[in-house]
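Remarks on the structure that follows.
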Amino acid sequence: MEPVTLPTGGTLPPPPAQQGEGVGRYGATGISGGAALARQLDERAARRGLSPVSHPRGLAVRLRYLARDEQGLAWLRLAQVTVTERTIARWMTARQRPLPANLKKIDQAFWACRRHNLVGYYKQRLWRDGRGTRIEISPVDQQHVAPNRRRELNIRTINVRTDWRRVVDAWNSGDQQALDEAWGAIADSLGSDHGAYRYVSHIGFGI
């Protein structure tokens, strides 16, 4: 496991954005390809059924993960959680509840730590010794687009071999611009209609 280092800029990257849809051109609903990549990585990292930090179960999961070793506690400190370990223990057993500001910091620390711990594993699994990973791209939803503006867009499937290190590093640091740039390089392999997949409704792949 790599040593803990303070992220560039002196702050931790944000936790995952709340589920929701962005808006593409002419009213199609979707999110940028980079955001869809991050969402899928976060969903895999969350394990199935991770409750929000505001839920007692979700809080307990995060605190157990962070308090299991000194590295996890270091991420809490980086998130500016300054309480004693005794207080953390009371939080874990539900004898005391963190203030809303600390809930946000705990969530931020959990995701920063979780991503950091998964970076190497994800790169290895997605690269697969050069074989890459097949992804399925669902296009934007065009039901609210005027009929004369709609495009014939299908679900596309491609095998990605060369960009995973770039994607995972950007995901780990919370760099949305870098994620979108990495997606642009991936989408180029879709051919002449690659621009139509700048926004998507979902990108699916296994790890």
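Only one of the numbered conditions (1) assigned to a helix (DSSP H, G or I); (2) more than 30 Å from Thr133 (Cα to Cα); (3) of a type in the set (A, V, I, L, M, F, W, C) is violated by Ala109, and that is (2). Within the range 136-153, identify whether any single residue is assigned to a helix (DSSP H, G or I) and touching an Asp or Glu at 6+ places or on another chain (Cβ under 9 Å), and answer yes or no. No, the range 136-153 contains no residue that is assigned to a helix (DSSP H, G or I) and touching an Asp or Glu at 6+ places or on another chain (Cβ under 9 Å). When you scan the range 157-168, do you find a residue that is in contact with a helix residue (DSSP H, G or I) (Cβ under 7 Å, 6 or more places away or on another chain) and part of a loop (DSSP other than H, G, I, E, B), even just one? Yes: the range 157-168 contains one or more residues that are in contact with a helix residue (DSSP H, G or I) (Cβ under 7 Å, 6 or more places away or on another chain) and part of a loop (DSSP other than H, G, I, E, B). Being open to solvent by 70 Å² or more (accessible area, probe 1.4 Å) and outside any helix (DSSP H, G or I) holds for only one residue in Arg68, Arg64, Arg86, Arg57, and it is Arg68.
When Asn159, Asn172, Asn117, Asn154 are checked against the criterion of being in contact (Cβ under 8 Å) with a residue 40 or more places away in the chain and over 20 Å from Ala17 (Cβ atoms), Asn117 stands alone in meeting it.
The values are calculated or read from the model by the stated rules, or taken from the named source; none is laboratory data. In this text the structure is predicted, and so the values were computed from the model without any measurement. Note that we place each Cβ from the backbone using ideal geometry, even for glycine, and neighbour counts take in every protein chain shown. Note: areas computed on protein heavy atoms with side chains; ligands, DNA, RNA excluded. Shrake-Rupley method; radii C 1.70, N 1.55, O 1.52, S 1.80 Å.
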